[in-house]
Amino acid sequence: MIKPIAFYLPQFHPVKENSEWWGAGFTEWTNVAKARANFEDHYQPQIPKDLGFYDLRMPETMQAQAALARQNGIYGFCFYYYWFSGRRILETPIDVFVDNKIDMPFCFCWANENWTKRWDGGNNEVLLANEHSVENDNRFIDDVIPYMRDERYIRYDGLPMIVIYRPDILVDSKTTFDHWRKRAKEAGLPGLFIASVAFYDIFDPADWGCDALVEFPPHQYLKNAFASQLPRITNPEFRGNIMDYRAVMSESIDRTHDDFLFFHGSMPSWDNTARRQNDPFTFINSSPELFEFWLRQQSVKTLKDDRNKEKFVFINAWNEWAEGCHLEPCLKYGHQHLEAVRRAVDADRYIAATPSHDSTMGALASIDSYDIKDFKYLSGLEYRYKEALSEIQALRTGHNVPFATLMANRLRKRNILYRIARAGYRLGRSVRGL
């Protein structure tokens, strides 16, 4: 019953614009291959296993991706759609996917921010601008309506679904979305279902004229996610942030929301070192087992939610290799994250007859709902999660956390003070020969 939808990045092929901005033949693989570890046991570079450094202009690649996804319980892909005031970019993989009848449901997420050098660790120079106006924003829907007629296009309760990354930067999102719905009906579609990513300041879809909110970790979970025990830094130029995957996971599992349609989500990990070598956001303490536990809890909550008629859950992401956030097999983990999805979405087996009152563990199964092999495996996942949760609670309360780490976590909210304190701390350690 659970239908996981994975966000999909179409940047793994050369385009004229990227070659002009970053050098001839640039793709995301350029960044992925040059990444280096910043600290002990840092998993970089992250190298693809089964599919290799693929080119998304080849239909064989997308056929192989779809086969992997189907075999492991993925329902569909949500392609990022890059449209800048009428100008498309990175559209070739989408057209290859559609024209070659790849056997996989799909929908779009309009990535409606400006394209700047900042995404790659540079400055805020705008490379491609989304010149938002009511007129421009209204025009977007006419570009995607032809795709929505495809029988593979994902629908919610019969309506074609479109996800908006940031409705908050549209000039008048409610007016625009009303226009989109009208145009969809004029084009012969039954209407339109519009969902917003849960971006940092977007907490209620109705505020923006949307029908639902899509959980998109690590968005909205960074405030309390700084790691308490930092690894030994090996890159002297490192000035990034080290976060704890378990903190995001536990906050997401415990999340409650008001009475609106909310699509739960999860992520296998996150680390954008490949894009920002010296100042990335890197999550430590992730694992396929914890990802499975997280996604299973989200799946169980989704099964119990009568508002979610289609039982969609979202995963960030299928192939964000430069952000260390991918389900596709890699050299370190192989198929473990995909296999975790396949087990986790079989969530109806794990719903307890009498749920626990512990909100973080409330969806664990009763022993008679699965065989002894399942029981041992799931008990191990539960143990690892409780162990992780106890460490995270210690971090939040300050118990058993080194004073320097505690102060660093508090100062991170004040960037200048944090950098000064960190420089002084490192100088002190070097003087003492630590």
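Data for the structure
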{"quantity": "Within the stretch 1-47, trypsin sites (Lys or Arg not before Pro) in DSSP loop having at most 15 other beta-carbon neighbours inside 10 Å", "calculated": "36"}
{"quantity": "Gyration tensor verdict on the stretch 23-129 (Cα atoms; rounded if a/c is under 1.5, prolate if a/b is larger than b/c, oblate otherwise)", "calculated": "oblate"}
{"quantity": "Fully extended contour minus Cα-Cα distance, from residue 71 to residue 289, at 0.36 nm per residue", "calculated": "76.6 nm"}
{"quantity": "Tensor-based shape of the stretch 1-56 (alpha-carbon gyration tensor, a/c under 1.5 rounded, otherwise prolate or oblate)", "calculated": "oblate"}
{"quantity": "Length added when fully stretched, residue 133-residue 34, from 0.36 nm per residue minus Cα-Cα", "calculated": "31.8 nm"}
{"quantity": "Loop trypsin sites (Lys or Arg not before Pro), the stretch 174-229, which have at most 13 other Cβ atoms in a 10 Å radius of their Cβ (DSSP)", "calculated": "223"}
{"quantity": "Amide N of the stretch 152-189 lying under 14 Å from the label point, which is placed 7 angstrom from the Cα of residue 126 along Cα→Cβ", "calculated": "169-171"}
{"quantity": "Distant-in-sequence amide H partners of residue 319 (H built 1.01 Å from N, under 5 Å)", "calculated": "9, 327"}
{"quantity": "Cut-off under 5 Å, modelled amide H: who pairs with residue 265 long-range", "calculated": "215, 314"}
{"quantity": "Rounded to whole Hz, the Karplus (6.51, -1.76, 1.60) HN-Hα couplings of the stretch 276-289, x for glycine and proline", "calculated": "9, 3, 9, 9, x, 9, 10, 9, 10, 6, 7, 6, x, 5"}
{"quantity": "DSSP-assigned coil residues among GluC sites (Glu not before Pro) in the stretch 222-306, each with at most 10 further Cβ atoms within 10 Å", "calculated": "237"}
{"quantity": "Karplus 3J(HN,Hα) series, Hz, for the stretch 291-303 with 6.51 cos²θ - 1.76 cosθ + 1.60 (x for Gly, Pro)", "calculated": "4, 4, 4, 4, 5, 5, 5, 5, 5, 5, 4, 5, 4"}
{"quantity": "Computed over the stretch 167-264, Cα set: Rg, Dmax in Å", "calculated": "18.7, 60"}
{"quantity": "Translational diffusion coefficient (Stokes-Einstein; Kirkwood radius from C-alpha pairs) of the stretch 3-353 at 10 °C, 1.306 mPa s, in µm²/s", "calculated": "77 µm²/s"}
{"quantity": "13 Å beta-carbon shell around residue 76, net charge (K/R +1, D/E -1)", "calculated": "+1"}
{"quantity": "Karplus 3J(HN,Hα) series, Hz, for the stretch 100-113 with 6.51 cos²θ - 1.76 cosθ + 1.60 (x for Gly, Pro)", "calculated": "9, 6, 4, 7, 6, x, 8, 8, 10, 10, 6, 7, 9, 7"}
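Bear in mind these aren't lab numbers, they're just calculated from the coordinates by the rules spelled out. These numbers were taken from a predicted model, which means no experiment stands behind them. FYI the Cβ positions are ideal-geometry reconstructions off the backbone, even for glycines, and counts take in every protein chain you see.
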